[in-house]
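A short write-up of the structure that comes next.
The values are calculated or read from the model by the stated rules, or taken from the named source; none is laboratory data. None of these values were measured; they are calculated from a predicted model. Note: ideal-geometry Cβ built from the backbone for every residue, glycine included; neighbour counts use all protein chains shown.
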Amino acid sequence: MKRFIIATFFILFLFQVVSAQTMRQLDITIDNRLDGFSYINISFRFTEEIKKIDFPFPGKISDLNFEKGKCEVRKELTTILHCEPPSPYVVGETTVYVWFKGTELTQREENITHFSFDIPILWDTDKISVTAKLPDGMFLSDRVLLPISPSGADKIIEGKRIIASWSFLNKKPGDVIPIRMYYESLFPQPLTEHFDYRFLILPIFVLIVGLVLIYKKLPKKTELVLSVLNEGERMIVDIIKKEGKERVDQRKIVDASGFSKAKVSRIIQGLQGRGVLDVERTGRKNRVSLKKIIFKE
């Protein structure tokens with residue numbers, strides 16, 4: 001309502017100045033996004049009598065761009081989009097294109113978003129077209145008596161978006177087109193909007209500490225491997241570990257273990273097949289090493 005009053009004030013203030021001028025066509029496209037921004041495109045097609053356009057906007061404007069004219073944002077009692085033709089001496093009709101990001105056009109209450117944009121008519125305007133796009137995944141709320149206005153909007157679905165459009169003819173200075181839409185998500189809103197993550201700090205901390213303690217009590221890879229070896233196999237593994245070399249000559253293992261060559265060879269082959277040992281054949285010698293991936297602490 002406050003925005004409507006401000007816009008109406010400017011309409012009445014400017015009425016005498018612009019009432020004799022004609023806007024051939026006013027096209028407005030509003031692309032509402034989930035991030036809260038409204039991406040707005042406006043084209044003014046007007047006659048040579050109009051030397052400037054002061055268009056009240058009920059929000060904030062950023063990232064202003066324009067073509068075939070000169071535009072800037074002025075801050076008075078409300079935000080003013082000020083545009084002029086490329087030259088004051090233009091003859092005939094001129095079209096100025098403007099696009100920008102707008103904010104403060106939406107308000108949220110619980111799960112329902114209310115979009116509001118009062119479009120002031122400051123000139124005799126032959127034709128006005130307005131297109132408003134809902135964000136992805138949003139639908140017009142059935143919990144509101146009048147979810148979209150003015151009535152008579154053409155609605156289509158494009159992908160995951162609902163698009164509403166209106167056409168108006170022969171509007172006079174002092175008229176206002178109040179665009180209203182109430183919409184909500186098909187899915188529950190993200191946790192971030194309603195949940196205080198501070199309540200998760202303590203449980204997460206306790207969980208992390210618990211996992212660390214459990215991990216410390218778990219046997220290491222070496223312990224797991226040794227636990228499934230028989231006495232002879234553990235003796236061979238211990239001999240290789242005590243040597244502390246990359247590879248140990250198999251003959252040294254025979255000497256250190258006291259086992260026969262055949263028994264040592266049989267044990268090493270078994271451990272190699274189970275992925276515990278690596279065996280490298282060099283001439284007539286076997287050089288044996290422990291699998292690093294298993295015995296790395």
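Results for (1) among the aromatic types (Phe, Trp, Tyr); (2) surrounded by fewer than 18 Cβ atoms within 10 Å (Cβ to Cβ); (3) in a loop (DSSP other than H, G, I, E, B), shown as yes or no for each residue.
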| position | (1), (2), (3) |
| --- | --- |
| 122 | no, no, yes |
| 145 | no, yes, yes |
| 156 | no, yes, no |
| 166 | yes, no, no |
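Answer yes if at least one residue in segment 20-27 is farther than 15 Å from residue 120 by Cα and within 28 Å of the chain's Cα centre (by Cα), and no otherwise. Within segment 20-27, none of the residues are farther than 15 Å from residue 120 by Cα and within 28 Å of the chain's Cα centre (by Cα). For segment 218-230, indicate whether the set of residues that are modelled with pLDDT of 80 or more, loosely packed, with under 14 Cβ neighbours inside 10 Å and within 18 Å of residue 274 (Cα to Cα) is non-empty. Yes, segment 218-230 contains at least one residue that is modelled with pLDDT of 80 or more, loosely packed, with under 14 Cβ neighbours inside 10 Å and within 18 Å of residue 274 (Cα to Cα). Among the conditions (1) surrounded by 15 or more Cβ atoms within 10 Å (Cβ to Cβ); (2) modelled with pLDDT under 90; (3) under 24 Å from the mean Cα position of the chain (by Cα), residue 134 misses just one, which is (2). For residue 44, the requirement of being surrounded by 18 or more Cβ atoms within 10 Å (Cβ to Cβ), in contact (Cβ under 8 Å) with a residue 40 or more places away in the chain, of a type in the set (Phe, Trp, Tyr) and within 20 Å of residue 138 (Cβ to Cβ) is not met. Considering 208, 201, 177, 157, the condition of being at pLDDT below 85 and of a type in the set (Val, Ile, Thr) is satisfied by 201 alone.
What strands (runs of 3 or more DSSP E) completely inside segment 53-100 contain at least 3 residues that are within 16 Å of residue 122 (Cβ to Cβ) and either in the same structural domain as residue 31 (by TED's automatic domain parsing) or without any contact (Cβ under 8 Å) to a residue 12 or more places away in the chain (or both)? Once the strands (runs of 3 or more DSSP E) in segment 53-100 are filtered for at least 3 residues that are within 16 Å of residue 122 (Cβ to Cβ) and either in the same structural domain as residue 31 (by TED's automatic domain parsing) or without any contact (Cβ under 8 Å) to a residue 12 or more places away in the chain (or both), what remains is 53-57, 79-84. In this entry, residue 151 passes the filter for residues that are among the hydroxyl-bearing types (Ser, Thr, Tyr), at pLDDT below 95 and farther than 23 Å from residue 35 by Cβ. Restrict the check to segment 33-41 and report whether at least one residue is touching a residue at least 60 places away in the same chain (Cβ under 8 Å) and either under 17 Å from residue 120 (Cβ atoms) or surrounded by 19 or more Cβ atoms within 10 Å (Cβ to Cβ) (or both). Yes, because at least one residue in segment 33-41 is touching a residue at least 60 places away in the same chain (Cβ under 8 Å) and either under 17 Å from residue 120 (Cβ atoms) or surrounded by 19 or more Cβ atoms within 10 Å (Cβ to Cβ) (or both). Restricting attention to segment 138-163, the residues being of a type in the set (Ser, Thr, Tyr) and within 15 Å of residue 185 (Cα to Cα) number 1.
Taking the criterion of being over 28 Å from residue 21 (Cα atoms) and of a type outside the set (D, E, K, R), the residues of segment 97-121 that qualify are 103, 105, 106, 107, 111, 112, 113, 114, 115.
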